[in-house]
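Enquirer: First, the structure itself, so that you have it in front of you.
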Amino acid sequence: MSYTTLIARRYLRSSKNAGFVSFISGIATLGVTLGTATLIIALSILGGFEREITEKVIGFTSHVQITGFQNLPLRDYQSNIHRIKDAFPSVVSVSPYVSREALIRSRQAVDGILLKGLDTQYDNSITPRFIVAGRYELDRPSGGVPHIVLGTRLAARLSVGVGDMVTIFAVSRGLESGQPRVARFKVIGLYESGMSEYDDVYAFTGLRDAQTLFQVPDAVSGYDVMLTTADSARSVADGITDLLGYPHFGRTVFENYRHLFSWIELQKKPVPIILGLIIVVATVNIIGTLLMMVLDKTREIGVLASLGATKWGITAIFLRQGMTIGITGTVLGNGFALALLAAQEEFRFFSLPSDIYFMTSVPVLLLPEYFLVVSGITIALCFLTALVPARLAANLNPVTAIRFS
């Protein structure tokens, strides 16, 4: 063990005359710990929000939606599915759907819904992942009544559960006239995504039953197109529009939900910078701590210099102290952040109002990059802040330092 390491350790330990300095060292370590943990937690939560919202929005819709101008029905959807897949290698699946507004009535209440009919042969929705009661079975059994899957919040307002019957009224659109079309549906399953925008409004049934209800036989409202990556969404949307021609019109999920993704980008830019200032403040405390150590050990510094210690040796002593504080605080901050984030991911004890935040609990995204980047920045800042008092200590005049009282 070098003499610089030995002396640095002794200086960091409490003695009868240096208890206050050791206390300040502990406070500086705690500041680095909290600053590191805060930034890691903030980045993980922001990443969790982005992942959760992106996955759910894309899962309930798609990367690209192809609809008709002025809601015109789209014909020949079976052949168009194969044309899209053949023309674009990045297309994973194409799901035709019929979607329109409707009224739903139970024995206790009436509400408005967006009824979406899906073909189970091509269905690429993530709704089955969120089924909390019953099952996700859209096709009606032979000779049975049509099935419908509702969100838990909508079911609660209607006071219905799995197995109950509801009545759907197809709402007339534009210049359509005549009596509303009515059909009875059986609630076959309930889903809960945590996003009130879907749980409150969306209901799912089979494609054939939706076509019958809305009187659009052999036609669909649009296609949900899933891709290998969201990066190609814009080019695929334009390509499908050109391929299929009028009245087909393609839009990406980022255009359909521009407000959501703009909000995510807005959160990602300033928050890490603002919270990063916490680490800066915490590491600057190391300067004050080391300066107090220099004042407390001025005579000892003079003795070391008179015994032949070099300026670099004295600098190394105080650098080691600063780096010890920084590394210890960084390690503790990483451990605290990891424990809190893992507990939140497992137990979900921090809840959120889903009608505001689109989810029921605070999401987290545990990525090694967050820990490595924050730790690297923290340790680098600790080194820079420790360098100033270390150089001051090394430049003290030995005679003046020994006479210091």
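The values are calculated or read from the model by the stated rules, or taken from the named source; none is laboratory data. Just so it is clear, the model here is predicted, and its values are computed rather than measured. Cβ sites come from the backbone with ideal geometry, for glycine too, and all protein chains shown count toward neighbours.
Enquirer: Output the qualifying pairs, or none if there are none: Cβ atoms under 6 angstrom, residues six or more apart or on different chains, first residue in the range 128-142 and assigned by TED's automatic domain parsing to the domain that holds residue 160, second residue of a type in the set (S, T, N, Q).
Expert: Correct list of pairs: 130/193; 138/120; 138/205; 139/120.
Enquirer: Specify the residue that is nearest to residue 363 (Cα to Cα); the eligible residues are those in the range 42-89 that are touching a strand residue (DSSP E or B) at 6+ places or on another chain (Cβ under 6 Å) and at pLDDT below 90. Steps first, please.
Expert: As a first pass, look at the range 42-89 and keep what is touching a strand residue (DSSP E or B) at 6+ places or on another chain (Cβ under 6 Å): 62-69, 73-75, 77, 81, 84-85.
Filter once more, keeping what is at pLDDT below 90: 62, 68-69, 73-75, 77.
On the way: 62: 21, 68: 36, 69: 37, 73: 39, 74: 39, 75: 41, 77: 38 Å.
Among those residues, the one meeting the criterion is 62.
Enquirer: Still on this model: Pairs, please: C-beta under 6 Å, at least 6 apart or cross-chain, first residue assigned by TED's automatic domain parsing to the domain that holds residue 84 and farther than 17 Å from residue 163 by Cα and in the range 94-113, second of a type in the set (Lys, Arg) and in a strand (DSSP E or B)?
Expert: As it stands, the answer is 97/116; 99/116, since those pairs meet every condition given.
Enquirer: Restricting to the range 325-359, and then to whatever is in contact with a helix residue (DSSP H, G or I) (Cβ under 7 Å, 6 or more places away or on another chain), modelled with pLDDT under 85 and not hydrophobic (A, V, I, L, M, F, W, C), can you tell me which residue is surrounded by the most Cβ atoms within 10 Å (Cβ to Cβ)?
Expert: By that ranking, first place goes to 354.
Enquirer: So for the range 206-220 (the condition being under 32 Å from the mean Cα position of the chain (by Cα) and surrounded by 23 or more Cβ atoms within 10 Å (Cβ to Cβ)), does at least one residue qualify?
Expert: Looking for residues that are under 32 Å from the mean Cα position of the chain (by Cα) and surrounded by 23 or more Cβ atoms within 10 Å (Cβ to Cβ), one finds none in the range 206-220, hence no.
Yes/no per residue for (1) of a type in the set (A, V, I, L, M); (2) touching a Gly at 6+ places or on another chain (Cβ under 9 Å); (3) closer than 30 Å to residue 92 by Cβ:
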| site | (1), (2), (3) |
| --- | --- |
| 142 | no, no, no |
| 193 | no, yes, yes |
| 200 | no, yes, yes |
| 208 | no, yes, yes |
| 213 | yes, yes, yes |
| 231 | no, no, yes |
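Enquirer: Scan the helices (runs of 4 or more DSSP H) fully inside the range 242-299 and keep the ones with 2 or more residues being without any contact (Cβ under 8 Å) to a residue 40 or more places away in the chain, among the hydrophobic types (A, V, I, L, M, F, W, C) and closer than 25 Å to residue 31 by Cβ. Spell out the reasoning first.
Expert: On the way: elements: 253-256, 258-268, 270-296.
The helices (runs of 4 or more DSSP H) meeting that bar are 270-296.
Enquirer: If you don't mind, another one. Within the bounds of the range 213-233, is there any residue that is out of contact with any helix residue (DSSP H, G or I) (no Cβ under 8 Å at 6 or more places or on another chain), among the acidic types (Asp, Glu) and in contact (Cβ under 8 Å) with a residue 24 or more places away in the chain?
Expert: Yes: one or more hits.
Enquirer: Looking at 244, 290, 277, which is the one that is surrounded by 15 or more Cβ atoms within 10 Å (Cβ to Cβ), at pLDDT below 90 and in the same structural domain as residue 362 (by TED's automatic domain parsing)?
Expert: Working: 244 fails: in the same structural domain as residue 362 (by TED's automatic domain parsing); 277 fails: surrounded by 15 or more Cβ atoms within 10 Å (Cβ to Cβ).
Selected residue: 290, the only one of 244, 290, 277 that is surrounded by 15 or more Cβ atoms within 10 Å (Cβ to Cβ), at pLDDT below 90 and in the same structural domain as residue 362 (by TED's automatic domain parsing).
Enquirer: Checking residue 225 against (1) surrounded by 22 or more Cβ atoms within 10 Å (Cβ to Cβ); (2) assigned to a strand (DSSP E or B); (3) out of contact with any His (no Cβ under 8 Å at 6 or more places or on another chain): exactly one of these is not met. Which one?
Expert: Of (1) surrounded by 22 or more Cβ atoms within 10 Å (Cβ to Cβ); (2) assigned to a strand (DSSP E or B); (3) out of contact with any His (no Cβ under 8 Å at 6 or more places or on another chain), only one is false for residue 225: (3).
Enquirer: Next question, about the same structure. Which one is surrounded by the fewest Cβ atoms within 10 Å (Cβ to Cβ) among residues in the range 149-166 that are small (Gly, Ala, Ser) and within 15 Å of residue 114 (Cα to Cα)?
Expert: Just the residues of the range 149-166 that are small (Gly, Ala, Ser), to begin with: 151, 155-156, 159, 161, 163.
Subset that is within 15 Å of residue 114 (Cα to Cα): 151, 155.
Working: 151: 26, 155: 24.
Ranking the candidates gives 155 first.
Enquirer: Do we have residue 221 as touching a strand residue (DSSP E or B) at 6+ places or on another chain (Cβ under 6 Å) and assigned by TED's automatic domain parsing to the domain that holds residue 87 here? Step through it out loud before you land on a result.
Expert: Details: touching a strand residue (DSSP E or B) at 6+ places or on another chain (Cβ under 6 Å): yes; assigned by TED's automatic domain parsing to the domain that holds residue 87: yes.
In short, yes.
Enquirer: Could you tell me which residue of the range 68-96 is surrounded by the fewest Cβ atoms within 10 Å (Cβ to Cβ), considering only residues that are in contact with a Leu (Cβ under 8 Å, 6 or more places away or on another chain) and of a type in the set (Val, Ile, Thr)?
Expert: Among them, the one singled out is 92.
Enquirer: Only residues that are assigned to a helix (DSSP H, G or I) and among the small types (Gly, Ala, Ser): list them for the range 69-94, please. Steps first, please.
Expert: Of the residues in the range 69-94, the ones assigned to a helix (DSSP H, G or I) are 69-71, 77-87.
79, 87, listed by residue number.
Enquirer: Further question: Look through the range 375-393, keep the residues that are under 27 Å from the mean Cα position of the chain (by Cα) and not small (Gly, Ala, Ser), and return whichever of them is nearest to residue 317 (Cα to Cα).
Expert: Residues of the range 375-393 that are under 27 Å from the mean Cα position of the chain (by Cα), as a first pass: 375-379.
Those left that are additionally not small (Gly, Ala, Ser): 377-379.
Details: 377: 22, 378: 20, 379: 17 Å.
Looking at residues that are under 27 Å from the mean Cα position of the chain (by Cα) and not small (Gly, Ala, Ser), I get 379.
Enquirer: Let me ask something else about it. Mind listing just one residue for me: the one in the range 183-222 that is aliphatic (A, V, I, L, M) and in a loop (DSSP other than H, G, I, E, B) and, of those, modelled with the highest pLDDT?
Expert: Across the range 183-222, the extreme among qualifying residues is 201.
Enquirer: Within the range 85-117, how many residues are small (Gly, Ala, Ser) and within 29 Å of the chain's Cα centre (by Cα)?
Expert: Residues in the range 85-117 being small (Gly, Ala, Ser) and within 29 Å of the chain's Cα centre (by Cα): 4 in total.
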